[in-house]
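Chemist: Got a structure for you, written out below as structure tokens; questions coming shortly.
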Amino acid sequence: MSYAHPEVLVSTEWAEEHLNDPKVRIVEVDYDPTVNYQLGHIPGAVLFDWRKDLNDPLQRDILSKEQLEQLFSKSGISNDTKIALYGDFNNWFAAYAYWDLQYYGVKNAVLINGGRKKWIDEDKPLTRDIPKHAPTNFHASNPEENIRVYLRQALDLHNKPNVKFVDVRSPKEFSGEVLAPPEYPTEHAQRGGHIPGAVNIPWSQAVKEDGTFKPYEDIKKLYEAQGVTGDKDIVAYCRIGERSSFSWFVLKYLLGYPRVRNYDGSWTEWGNLVRNPIEKPAPAIPQTLPA
């Protein structure tokens, strides 16, 4: 069976065929552009810097509607432009951008399956040239709150019987053995563990070695094995909301589950709050030998 919404994905071959298509804007989304975009990117691709462009500069929040419109305008993106997103870390941050765009009603966006990794592995063309585009007038929609969960909602939902919280971090982050992945050693919460009742399905289990998504049936079995099914209200979370955006994309568009939301506050919010409930394995009791 094919994905529930195959139209949200394009191949690297498709991207290469549309490098000069004026109706397509290819966008690279990076956590650190200095080790990615600036060293070489898909010809014609504009840059969305995850920290500077997709987040509010003062408070911890995603960019505002007005900030999105300004970003699109300077990137030469109009309302009828097809936006093809790709990026580093197997499209973590590209998926975050995709979630941002859906939040503001941008429906003409797709992910390049396999992201930056697959493009480079296939030895496709790269450039350091920075494209210049005439500014546009882009108009975003008001927020679609049904794809986002805030802290108060998460606190209310995590113990409801028909709600499944999916922790998409690594098993050691889920158990509290480590507070942050090696990619971000300084960005973590005060306490380790996971939201009570959450199941652990790491984001990486949905992708193949080349960075592309696994087949529909494989992904469906992966989630069904832990009770994550289409009849549930599903909340994905990770550490800062980027890996959970990736799993949100998988659940909502590849599997077609109707009620999937992203808790972008994730563990750096939940694990830092005083008296917030945390679940983790009980510590091992040291075994003492008889005298």
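Chemist: Take the alpha carbon atoms of segment 68-136, find their center, do the same for segment 1-65, and report the distance between the two centers in whole angstrom.
Modeler: 2
Chemist: List the chymotrypsin sites (Phe, Trp or Tyr not before Pro) in segment 146-240 that DSSP assigns to loop (not H, G, I, E or B) and whose Cβ has at most 16 other Cβ atoms within 10 Å. Which are they?
Modeler: Within segment 146-240, the qualifying chymotrypsin sites (Phe, Trp or Tyr not before Pro) (loop, at most 16 other Cβ atoms within 10 Å) are TYR150.
Chemist: Ok, one more. How about segment 83-158: which trypsin sites (Lys or Arg not before Pro) there are in a DSSP loop, with at most 15 other Cβ atoms within 10 Å of their Cβ?
Modeler: Working: sites: LYS107, ARG116, LYS117, LYS118, ARG128, LYS132, ARG148, ARG152; in loops: LYS107, ARG128, LYS132.
Passing sites in segment 83-158 are LYS107, ARG128, LYS132.
Chemist: Oh, and also: With +1 assigned to the C-beta of every Lys and Arg and -1 to the C-beta of every Asp and Glu, and no other charges, what is the dipole magnitude of the chain about the Cα centre in debye, to the nearest 20?
Modeler: With Lys and Arg at +1 and Asp and Glu at -1, about 680 debye.
Chemist: Scan around ASN55 for amide H atoms under 5 Å from its own, H built in the peptide plane at 1.01 Å from N, and keep only partners 5 or more places away or cross-chain.
Modeler: Result for ASN55 returns LEU63.
Chemist: Dipole of segment 6-143, Cα-centred, from +1 at each Lys and Arg C-beta and -1 at each Asp and Glu C-beta, to the nearest 20 debye?
Modeler: That gives segment 6-143 a dipole magnitude of about 220 debye.
Chemist: Past 19 Å, Cα to Cα, is the threshold; run LYS172/LYS232; LYS164/LYS252; LYS23/LYS74 against it and keep the listed order.
Modeler: Working: LYS172/LYS232 26 Å; LYS164/LYS252 14 Å; LYS23/LYS74 16 Å.
Violating the 19 Å limit, Cα to Cα: LYS172/LYS232.
Chemist: As a footprinting exposure proxy, order TYR253, TYR86, TYR263, TYR98 by other Cβ within 10 Å, with the fewest listed first.
Modeler: TYR253, TYR98, TYR263, TYR86
Chemist: Please list, in order along segment 108-123, the HN-Hα scalar couplings obtained from phi with the Karplus expression 6.51 cos²θ - 1.76 cosθ + 1.60 (θ = phi - 60°), rounded to whole Hz, x for Gly and Pro.
Modeler: Going residue by residue, I get 9, 10, 9, 9, 7, 4, x, x, 4, 4, 5, 4, 6, 4, 8, 6 Hz, with x marking Gly and Pro.
Chemist: LYS118: which lysines have alpha carbons under 19 Å from its alpha carbon, excluding same-chain residues fewer than 8 sequence positions away?
Modeler: Leaving aside lysines fewer than 8 places away in the same chain, those within reach of LYS118 are LYS208, LYS214.
Chemist: Placing +1 on the Cβ of each Lys and Arg and -1 on the Cβ of each Asp and Glu in the chain, which of PHE213, GLY40, PRO125 has its Cα farthest towards the positive end of the resulting dipole?
Modeler: PHE213
Chemist: Would you mind computing the Rg to Rh ratio of the chain from its alpha-carbon coordinates, Kirkwood style for Rh?
Modeler: Rg/Rh for the chain comes to 0.99.
Chemist: Next question. Compare the Cα positions of GLY115, SER2, SER141 along the charge dipole of the chain (+1 at Cβ of Lys, Arg; -1 at Cβ of Asp, Glu; about the Cα centre) and return the one farthest towards the positive end.
Modeler: So the residue furthest toward the plus end is SER141.
Chemist: Something else about it: So how strong a dipole does segment 95-150 carry about its Cα centre when Lys and Arg Cβ are +1 and Asp and Glu Cβ are -1, to the nearest 20 debye?
Modeler: 140
Chemist: Could you tell me which residue out of ASN20, TYR104, LEU58 lies farthest along the dipole of segment 6-143 toward its positive end? Charges go on the beta carbon: Lys and Arg +1, Asp and Glu -1, centred on the Cα centre.
Modeler: LEU58
Chemist: To continue, here is another question. Nearest-5 percent of antiparallel DSSP beta bridges in segment 6-143?
Modeler: 10
Chemist: Sticking with this one: Per DSSP H run of n ≥ 4, the term is -39500 (n - 2.57); total these for the chain, divide by its residue number, and report the mean residue ellipticity at 222 nm rounded to 500 deg cm²/dmol.
Modeler: Helices in the chain give a 222 nm mean residue ellipticity of -7000 deg cm²/dmol.
Chemist: Give me, ordered by chain and number, the residues 5 or more places off ARG148 or on other chains with an amide H under 5 Å from its own placed amide H.
Modeler: ASN262
Chemist: Continuing with the same structure: Across segment 55-63, in residue order, what do the Karplus-derived ³J(HN,Hα) couplings come to in whole Hz, using 6.51 cos²θ - 1.76 cosθ + 1.60 with θ = phi - 60° and x for Gly and Pro?
Modeler: Listing the rounded values in order: 10, 5, x, 10, 9, 6, 6, 6, 5 Hz.
Rule-based calculations on the coordinates, nothing more; no lab input. Computed from a predicted structure; not experimentally measured. As a convention, Cβ positions derive from the backbone with ideal geometry for all residues, glycine included, and neighbour counts pool all protein chains shown.
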